[in-house]
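The structure appears right after this line, and notes come after that.
Each value in this text was obtained by applying a stated rule to the coordinates, not by laboratory testing. The structure displayed is predicted, hence computed values, not measured ones. As a convention, Cβ positions derive from the backbone with ideal geometry for all residues, glycine included, and neighbour counts pool all protein chains shown.
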2 protein chains.
Amino acid sequence: MKGSYSPDGKFYPFPTEEDTRKEEETLIRITEEERKKGREIVAIQGLGFVGCIMAAVVADAEDEHGNPYYFVHGVQRPSSRSYWKIPVINRGIPPVESTDPEVPQIFHRTVIEKKTLRATWHEKAYSLADIVVVDVQLDATKPQFGHAELGYCDMESFKNAIRQLGRLIKPDCLVLVETTVPPGTCRHIVKPILEEEFQKRGVDIKKNPPCIAHSYERVMPGANYVGSIRDFWRTFAGIDEVSARKAEIFLTRVLNTKEYPLYKLGDTNASELAKTLENSFRAINIAFIYEWTLFAEKIGINLWEVLDSIRVRPTHRNIMNPGLGVGGYCLTKDPILAHWAYRDIFNLITANEDPVLGHWKEWDRFSKHVGLPLAVEAVNINDLMPLHTAELTREALGGKVKGKKILLLGASYRKDVGDTRHSPCETLWKALEKEGALLSVHDPLVKFWPEIPQAKIQKDLWSALKGMDAVIFAVAHKDYFHLPPEKVVKTAGKPLCIIDAENVLNDEEIK
Amino acid sequence: MKGSYSPDGKFYPFPTEEDTRKEEETLIRITEEERKKGREIVAIQGLGFVGCIMAAVVADAEDEHGNPYYFVHGVQRPSSRSYWKIPVINRGIPPVESTDPEVPQIFHRTVIEKKTLRATWHEKAYSLADIVVVDVQLDATKPQFGHAELGYCDMESFKNAIRQLGRLIKPDCLVLVETTVPPGTCRHIVKPILEEEFQKRGVDIKKNPPCIAHSYERVMPGANYVGSIRDFWRTFAGIDEVSARKAEIFLTRVLNTKEYPLYKLGDTNASELAKTLENSFRAINIAFIYEWTLFAEKIGINLWEVLDSIRVRPTHRNIMNPGLGVGGYCLTKDPILAHWAYRDIFNLITANEDPVLGHWKEWDRFSKHVGLPLAVEAVNINDLMPLHTAELTREALGGKVKGKKILLLGASYRKDVGDTRHSPCETLWKALEKEGALLSVHDPLVKFWPEIPQAKIQKDLWSALKGMDAVIFAVAHKDYFHLPPEKVVKTAGKPLCIIDAENVLNDEEIK
């Protein structure tokens, strides 16, 4: 029997044809009931890190009399990786681990108490919706490590998701794209697909042009996970005025726009570009600090102290700190989305075409394949950065890691989160493993490391330390601050190399 | 007769031998009198943009009873370019133009009222001083436009200035380097020179090691010129504890450290690196925005609006705006100082030597000659950036600028300052001139453009506009905001192309 395992090991068989037939009836019945209560219907397409929380936030929104604005169908395809989320959500339980206490609360409140959120696998939900929020994944592929300029977006599954909407939605349904997409996607990919599907169904697209808007989230799956979606600034844009107006009403109802006003941009191209620019800004600033980290290390100065002294200037407050590397779902790919759009959506290849840069022969070395050389180079530098910690570890161990017992403290991509996607720890682990190190890993927030399934995540720090030759502070989790250095060394039971990639240890305490 | 012309055209003959003999006596007499009043003696070496204001700020410092801490000898060599500053300062008049009303006030107060500041050309001042503040110039040379990686520092005149101090100063005199220098300069250049000169004089450098400290200013020669030196954060470091302590006492007395606490770093290498890193951070962030400016222009979106929406995030507040380019004395050279130090002071060539980057063959393309590839590339991109505005002008004029009358609005390197050093307007002017444009320029704050002496700076905007084919808003001076677009076009008297490189014009007003 086919089905899906949840992270705690429970098996959920896929729905039968009979289940699916019944589900359609249920969806129609619930929707009718909800409409009678004066509620509009929202479908969320994709229940990943953003979609599941967004679904709950929309379902939680109320008018000034405490009446919910919307009933939400959270839609997830019945895949073996994700189908389990549907029955779990429908018991009022969040499908994500989080340190944010509001996550379980908001699922209980919306699913069990208010009954404004229900998950389903059935695409019928889209045809019933007034608004569909697109939260499907869109990844960038990097075919070669250290060569982000060769990166591209495989748009097929995203396009299929949009095509599905085109087949099903009411012609006046607002399609609000929340997925981070290459600039130009709404106008040059979503719009033509919806128009084509509308026309196949005989919809007059002159009279009923598809309503499309883009608004990007700034989610941070940590201690303020729900707040990072609901209580934070939002930028949005519509493909036309009608779409923009619909999106504005929806976002104003759903988000805390009193404290965090909406920003309306003139075009979806602008809103899409804003998200990739925003994350590229972070990426380039991290990459920039890396080259100064190497310089500072080589001349023996403490760069953390230097950066603290610089950050006092308001104009320099955003200067970044050194660290192991950059991870997560966004910073590692968003510059590539923009770069790919530059090249493959807008067909703007700059080589010798840009009249300015063309003046300068040497520009060639960047522009041959690249429209956004600094942003793309930032991804390369950041991807490679963990190798430097591998190198420091090798040096600390006298030139060889082969056969040495090395403990990684942290596996997630960021301090105080349990998300391991594109974690720099992965690059570090693989580099040390390749050289024959005997690796183990501890992380207080990660239960299982899907990218490195052979790594058994240890939960007891002190027993994990026993017998180690080296320990690497790879993630600045709270638990790792103020560890007594003496106890750490004593617990290892033999000379221990400590590599602190995240400035976790306190210099005073070491003395 | 040899001498020096001041900017307002007055001639000041150089001092005679007799003058110089008398000056020495005067210096000795004044110093003795001032010591009797309990004041320490400070000499400022170099009365440029920083040194002249620093001299006045030091002379203005008082204890809690209103008694000046220091008497200041401001020392300037008798060159034809700068000798005039000495008699001018000694009449209580600032040797710099500024929109800051405190500039004339502080010179009048210290020179005329308190009599704690006096300018001189005589090096005797150094031998009388307890503290010498080094404010001599140190430039980077870029032998080829667009190839900052070939840049270097010619240290000869800086070294000579230090050697002069080594010959003259009391062994316990603090040498406080305020000039922006390549990281490593105090330790690897200043210290050996002072030691050598001390030894020549028979000073026991074991007993009397030279006292050296580094502290960098963050001057901004605009409306808050004096405040940018006195009322702003300072970072400092000493070459040893004695030097650091002396520097700390001096800076605490002289600067507003109550509101802007001092930052002490562990080593002069760190303090020197901090300044170049700080300015490189700005340079890379400007260069980064340039590539997105080209993208946004090509896909027809308003990047200013996008950046406003991003800047709302505290983590992204420092994201820069597009513009004509980058100028001024610091951002155009400080990354090169660091790069040169990396290569020529510390001899750290990264090519294939860095074990991490060595893993990645493609790193070669950056590392061959460069230790700080992003910082150096930023200088290149920024240096070339004004050519893009030249290109936009050419396009606006139908593909040719030859014979076209073009007015530049602004010549200075930055809005609301009169400083033209390394102004991007210079690059723009030269690019358009080369193509045969008939150029003119207006600037409310610049009287004379030393880098382009043939350009007569116009002062009446409306008469300057008459008969123009194109006008370029090149600097965002206050005077250029809220110009009525209709009047601008009408005054030209024929079809006028307007190129707004600095977002000076208001979109609403244009409509």
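Some points to look at:
- Size of electric dipole in chain A: Cβ of Lys, Arg +1 and of Asp, Glu -1, about Cα centre, debye, nearest 20: 800 debye
- Alpha carbon centroid spacing (whole Å) that separates the stretch B:201-257 from the stretch A:300-342: 30 Å
- Compared with the dominant principal axis of the Cα atoms in chain B, helix B:51-60 is inclined by about 50°.
- Inter-copy label distances at B:Arg77 (7 Å, Cα→Cβ; nm, one decimal): 7.4
- Cα-Cα pairs of the protein assembly as shown separated by more than 41 Å (percent): 50 percent
- With contacts taken as Cα pairs under 8 Å and at least 6 residues apart, chain B reaches a relative contact order of 11 percent.
- Other protein chain C-beta atoms within 10 Å of residue C-beta, averaged over B:316-326: 3.
- Exercise: per-residue mean of other protein chain Cβ atoms within 10 Å, A:268-277: 5
- Shortest first, A:Lys298 label-point distances to identical copies amount to 3.4 nm, with the label point at 7 Å from Cα along Cα→Cβ.
- Sorted from greatest to least, the principal axis extents spanned by the alpha carbons of chain A come out as 72, 61, 46 Å.
- The GluC sites (Glu not before Pro) of the stretch A:57-99 that meet both conditions, a loop assignment by DSSP and at most 11 other Cβ atoms within 10 Å of the site Cβ, are A:Glu64.
- 0 to 90° range, to nearest 10: angle between helix B:191-200 axis and chain B longest Cα axis: 30 degrees
- Inter-copy label distances at A:Lys2 (7 Å, Cα→Cβ; nm, one decimal): 9.4
- Pairwise FRET efficiency - B:Gln105 versus B:Lys447, Cβ, R0 = 22 Å, nearest 0.05: 0.55
- Degrees between helix B:241-254 axis and first principal axis of chain B (Cα, 0 to 90, nearest 10): 70 degrees
- Across the cross-link table entries A:Lys333/A:Lys400; B:Lys10/B:Lys490; A:Lys456/A:Lys478; A:Lys10/A:Lys124, which are compared at the Cα atoms, the separations over 30 Å belong to A:Lys333/A:Lys400; B:Lys10/B:Lys490.
- Residues with amide H under 5 Å from that of A:Asp416, placed H, sequence gap 5 or more: A:His477, A:Lys478
- Relative packing of peptides A:421-433, A:133-145, A:375-387, B:25-37 - highest average C-beta neighbours within 10 Å first: A:375-387, A:421-433, A:133-145, B:25-37
- Note on the stretch B:24-40 and the stretch B:126-190: Cα centroid distance 27 Å, given to the nearest whole angstrom.
- Alpha-carbon centroid distance for the pair the stretch B:41-76 / the stretch A:417-487, whole angstrom: 56 Å
- Ranked by how many other Cβ atoms sit within 10 Å of their own Cβ, fewest first, the residues A:Thr110, A:Thr180 fall in the order A:Thr180, A:Thr110.
- Considering only chain B, the C-beta nearest to the rotation axis that sends B to A is found at B:Asn318, 2, the distance in whole Å.
- For GluC sites (Glu not before Pro), the sites in the stretch A:256-317 that DSSP calls loop and that have at most 10 other Cβ atoms within 10 Å are A:Glu259.
- Remark: mean inter-chain Cβ contacts per residue of A:296-307 equal 6, using a 10 Å Cβ-Cβ cutoff to other protein chain atoms.
- Cβ-based net charge around B:Ile229, under 12 Å, with every Lys or Arg adding one and every Asp or Glu removing one: -4
- Net charge, A:Ile345 excluded, C-beta distance under 13 Å - Lys, Arg +1, Asp, Glu -1: +3
- Three-way shape label, the stretch A:3-270, alpha-carbon gyration tensor, a/c 1.5: rounded
- Most to least packed among A:184-191, B:235-242 [average Cβ atoms within 10 Å]: A:184-191, B:235-242
- Of A:Lys405/A:Lys434; A:Lys404/A:Lys494; A:Lys402/A:Lys494; A:Lys298/B:Lys159; B:Lys415/B:Lys459; B:Lys114/B:Lys246, pairs whose Cα-Cα distance is over 19 Å: A:Lys298/B:Lys159; B:Lys114/B:Lys246
- Packing, as the average of other Cβ atoms within 10 Å across residues, places the peptides B:483-489, B:112-118 in the order B:112-118, B:483-489, highest first.
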